[in-house]
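Let me begin by presenting the structure, written as structure tokens, before commenting on it.
Read-outs: derived from the displayed coordinates by stated rules, not from any lab. What you see is a predicted model; the values in this text were computed from it and never measured. Neighbour counts are summed over all protein chains in view; Cβ atoms, including those assigned to glycine, are modelled from backbone coordinates with ideal geometry.
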């Protein structure tokens, strides 16, 4: 697996570098505005199981 194949989820400014380092960087709905601007996509809120639904709806799990 390469970094381009990786997916990362984040919600804070401290996650910016991580999202930039992978092929698909996803910000949570509750993420900072700065992170949302960096992300490739935005998924649901962390409290609403956003990562689960993102992955399930795309057949990743």
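Results, tabulated for the structure shown:
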{"read-out": "Pairwise label distance in nanometres, residue 30 with residue 1, each label 7 Å out on the Cα-Cβ vector", "value": "2.5"}
{"read-out": "Over the chain, volume per residue of the alpha carbon convex hull, in Å³", "value": "70"}
{"read-out": "Most mobile listed residue (47, 27, 39) in the chain, GNM with C-alpha springs under 10 Å", "value": "47"}
{"read-out": "Cβ-Cβ FRET estimate between residue 56 and residue 13, R0 fixed at 30 Å, reported to 0.05", "value": "0.60"}
